[in-house]
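A short write-up of the structure that comes next.
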Amino acid sequence: RRQFNVWREKIAAARQNAAMNQDTLILTGQGQRLSHTATQYFGYADTVYTAMNSDWYNPFSAGTDEEGIQDVMRQMKSDLDVFELIKAFGKRDGYTLGEWLADEFSSSDKEFYINEPLRRNGVKFQF
């Protein structure tokens, strides 16, 4: 049973990657270009993960660093940048970036800290 779940997750991840690769081809065909290097996207993904992955049992932890995540979103200049961030994030602790954000933020906070900075940069993709 466990092996079946592992395979099911791998198949789902492969489908998601294929869909994102197709979207990437469409966006590059529309003239969008990446604003950062691959290394920077991985750094941004690590920053977002660290900002959300606070230890609830640690009395010195401030919880989610909303401003840190907002700063990363301000660096995303196109839908292609967001897709690269999502790919760089991958799955961490079994969850995608979108799943992490949905769990960490209320809808109003997600709007303020994530979607609004993306829209200001002309990004159509919204979490």
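Cross-link reach is defined here as a Cα-Cα straight distance under 18 Å, omitting same-chain residues fewer than 8 places apart; for Lys110 the aspartates and glutamates meeting it are Asp65, Glu66, Glu67, Asp71, Asp79, Glu99. Ordered by solvent-accessible area of protein heavy atoms (1.4 Å probe), largest first, the residues Thr47, Thr96, Thr39 come out as Thr39, Thr47, Thr96. Computed from label points 7 Å out along Cα-Cβ, the spacing between Gln30 and Lys124 is 0.3 nm. With K and R counted +1 and D and E -1, the other residues having a Cβ less than 12 Å from that of Asp65 yield a net charge of -4. With the largest listed first and rounded to whole Å, the semi-axes of the equivalent ellipsoid of the range 23-127 from the Cα gyration tensor are 25, 15, 12. Full extension of the segment from Thr37 to Glu111, taken as 0.36 nm per residue of separation minus the current Cα-Cα distance, would add 24.0 nm.
Heavy-atom accessible surface of Lys77, to the nearest 10 Å², is about 100 Å², with a 1.4 Å probe and all protein chains retained.
The values are calculated or read from the model by the stated rules, or taken from the named source; none is laboratory data. Remember, predicted model here, so these are calculated numbers, not experimental data. No Cβ is skipped: glycine too gets one built from the backbone with ideal geometry, and neighbour counts run over all protein chains shown. To get the accessible areas, we keep the full protein, side chains included, count just its heavy atoms, and leave off ligands, DNA and RNA. Shrake-Rupley method; radii C 1.70, N 1.55, O 1.52, S 1.80 Å.
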